[in-house]
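Here the structure is laid out as structure tokens; the discussion comes afterwards.
Bear in mind these aren't lab numbers, they're just calculated from the coordinates by the rules spelled out. Just so we're clear, the structure is a prediction, and the values are computed from it rather than from any experiment. Ideal geometry is used to build each Cβ from the backbone, glycine not excepted, and the neighbour counts take in all protein chains shown.
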Amino acid sequence: MELNIVLVEPRIPQNTGNVARTCALTGARLHLVRPLGFEIDDRKLKRAGLDYWHLLDITYYDGLNDLFARNPDGDFRYFSTKAVNNYCDVSYRDKCFIVFGREDAGLPEELLLRNKERCVRIPMIDNPDARSLNLSNSVAIGTYEVLRQWGFPELKNAGSLTRYSWQDSGNDNKGDIT
């Protein structure tokens, strides 16, 4: 299964670094649509995702038209606070593209208007003082909904303790530490 995460004109390097880390740890492909609000060698970007940058499958585009021209068969879903559809009510297909807009402006309204049924939102409280979730948090929510629907393919679904073994823990002490 192939998941594609698209950031359209991201402005904050730390957000892009965090998204890059999410991509690296989930196997998602990262697509960055220019113009970017920073240089890729920006130290803040590298600090947020430096240890993971070499694990990325990343593609750059010169605007939305370039993105669409190079991915004509893409199954695009547009995440926006302006959408009317819930992100959990959508079936995400293999090779889908989940698209997120600028931190300060979101996606162009013309794009949203032309794609109403492909626009989804993450439910939030209605408060003018709380505009929206952070971009990297929104990407993580969307990414894990897609992966949940797909059964978390190729992801490690169980962890292990460092100093102990789960097989050796036969009792439930409700968190008591002895």
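Only helical DSSP H runs with n ≥ 4 go in: add -39500 (n - 2.57) per run for the chain, normalise by residue count and round the 222 nm mean residue ellipticity to 500 deg cm²/dmol.
On the way: 5 runs with 49 residues, N = 178.
Helix-only estimate at 222 nm: -8000 deg cm²/dmol.
For residue 75, enumerate residues with amide H under 5 Å from its amide H, sequence gap 5+ or separate chain, H modeled in the peptide plane.
97
Zone of residue 157 (label point 7 Å along Cα→Cβ, backbone N under 20 Å): which residues in region 1-35?
It comes to 1-3, 25-28, nothing else.
Select from 164, 61, 52 the residue whose mean-square fluctuation is largest in a Gaussian network model of the chain (Cα-Cα springs shorter than 10 Å).
Looking only at 164, 61, 52, the largest GNM fluctuation is found for 164.
Once the Cα atoms of helix 135-149 and of the chain are each reduced to a long axis, what angle between those two axes, in degrees from 0 to 90 to the nearest 10, is obtained?
Compared with the principal axis, the helix lies near 70 degrees.
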